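Structure record follows, encoded as C-alpha cells.
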Amino acid sequence: MSSFKVPVRSIRRIPDPIFPHCERHLLTCAIGDVPMGLPTDPNPRVPNPDRPIYRRVLKHLLNEEGTPNTFHLKNKGITLIAEQVKKIDDNNVELIFEQGQGIVDGRHTYELIGEALKIIADGERSADDNGDAIAQFVKLEVLTGLVPELYPEIAGGLNTAVQVQEASLMHLQKQFSWIENDLRCKPYAREIAYREGEDAEYDIREIVGLLDLFNIFDFPNDQSEHPIRAYTSKAQALTSYRHKPEQYERLRPILKDILTLHDTIALEGPVKHTAAGGRGGKLAFVETRKRGKYTFHFIDKESDRRLFDGALYPMLAAFRWMVEIDAKTGKVGWRGGFANVLKLWDSVGAELMKATQNTSDELGRKPHAIGRSRNHWANLHKTVATADLMRRTA
C-alpha cells in the first residue's frame, strides 16, 4: 500500500451508474502539487516524451505555445485507479493505492509534468517571455471501488480509444502525395511527419498551415481578409485543405520557396531588427536558448534566436502579396521570381520587425496576441505591398 497527499483546487465525487461501490473522483490541482512517484502498474504504455507531439505538450506546460496557463483546458489529464480517495479537508485529499493500482492513462502527461517542474526548479523557467508566471493546472480522474479484473480492460480501452488524427487519415488517402513527392529529395524531408507517431520536427498540419498563408484563392490580395486561421487553428487550415485540395496543389510551384522564406524570416528577423537600431531590451516575440541552438532545417542553419510563430506567421503571410497567377498559363508563381521576394524581404524586414514590436508593446508584449491581431496582419501586408510598388515604380 502507498499513499500520497494532494492539495486540490476542486473536487467532485460521482457514483458509478452500474457498480454501486465504484466512484469517480474529479480533482483539479496545480502541476506543482502533483506528487511524484505515483505508481503506474495498470498502464500498458511505456512513455516516450521525446516524440514531437509530446515536446509540443511540454511547450504548452511552459507557456511557450498557446494561451498562457490554459493547459487544464486542452489536456485530458491523468486517470488513476486507486483504493480510496480520502478527504482530509476542503483543500487536501489523500490518494491510497494497493498493489496493481496507479496511473492507467495519461502517463505521458505525468512524465512531462515532472520534466516541466524540473525545468522550473532549475531556474530555467519560472515565467514565460511575457512575464506571465507559469501557473498550470491538471485534471486528475481517480476511479475507486473497482475489482482488479477490470483493471486491464480499463487500461486497454483508455489507451486504444484515442481518435486517429485527421491528418493521418488524409495521409492514408494519399491527399498529401504531391507534397511528399516534391520534398522527397530534400535533406529536410525526414523532418516532416505525415502520420501520428512519426518522430519529426514538423507535422504535415504545419506545412499545410504555411501553404495557407499564401492561399491567394481564399485570401486574394485585393481583399481585406487574411489567413489568420493558419496561426490560430491548424485544424481549420487542414479542413480547408481537405475540402479544396486543388487550391493548395496549385501552390505547388512555390512550396519549397515558402519553406525557405519561413526559415529565412524566422532566423534573420531578430538580426535585422538589431542592425537597424531597434529599441533595446529583450523582444517578447523572439525565442532564445541558453543551451544549444535552434535548427532551421529548410535552410540548413542554426541560431540561438528565432521568432515566435505569433510574430513569424503574419510577417510571412505579408509576402502573399508577391504571389500571382500567370495570365497565359494559369500557373502560380512569384512576381519577379523568388530571388526578387528575398530581395524585398532584405529591404523591408527591419520595418516589419519594427511594426511587430509596436504591436507587441500595444498588446502587452504577448506574442500570441500578435498572431491574433487582424490589424497587424493587414498592416504588414500593406507594408510589403507598398514597398514592392515603390520598388517597381522607382
Worksheet item: When you go through Ala385, Ala311, Ala369 one by one, which is the residue that is out of contact with any Pro (no Cβ under 9 Å at 6 or more places or on another chain), in contact (Cβ under 8 Å) with a residue 40 or more places away in the chain and crowded, with 18+ Cβ neighbours inside 10 Å?
Response: Ala369
Worksheet item: Ala327 fails exactly one of the following numbered conditions: (1) within 19 Å of Glu249 (Cα to Cα); (2) of a type in the set (Gly, Ala, Ser); (3) within 28 Å of the chain's Cα centre (by Cα). What is the number of that condition?
Response: (3)
Worksheet item: Among the residues of segment 233-248, which ones are in a loop (DSSP other than H, G, I, E, B) and among the charged types (D, E, K, R)?
Response: Lys244
Fill in: Residue satisfying condition, being within 24 Å of Ala387 (Cα to Cα) and touching a Phe, Trp or Tyr at 6+ places or on another chain (Cβ under 9 Å), within set Leu342, Leu259
Leu259
Discussion item. Just to be sure I understand, how many residues within segment 151-189 are under 30 Å from Pro42 (Cα atoms), of a type in the set (S, T, N, Q) and either modelled with pLDDT under 80 or over 24 Å from the mean Cα position of the chain (by Cα) (or both)?
Written reply: 4
Discussion item. With the structure loaded, tell me whether Lys343 is free of Cβ contacts under 8 Å to residues at least 60 places away in the same chain, surrounded by fewer than 19 Cβ atoms within 10 Å (Cβ to Cβ) and closer than 20 Å to Ile207 by Cβ or whether it fails that test.
Written reply: no
Item to complete: Taking Ile31 as the residue in question, decide whether it is modelled with pLDDT of 85 or more, more than 30 Å from Gly371 (Cβ to Cβ) and outside the structural domain of Tyr194 (by TED's automatic domain parsing).
Response: no
Worksheet item: When the residues of segment 197-241 are filtered to those that are over 15 Å from the mean Cα position of the chain (by Cα) and of a type in the set (Gly, Ala, Ser), which remaining residue is surrounded by the most Cβ atoms within 10 Å (Cβ to Cβ)?
Response: Ser240
Worksheet item: Within segment 96-110, which residues are assigned to a helix (DSSP H, G or I) and of a type in the set (S, T, N, Q)?
Response: Thr109
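The values are calculated or read from the model by the stated rules, or taken from the named source; none is laboratory data. Small disclaimer: the values here were computed from a predicted structure and weren't measured. Reconstructed Cβ throughout: ideal geometry from the backbone, glycine too, with neighbour counts over all protein chains shown.
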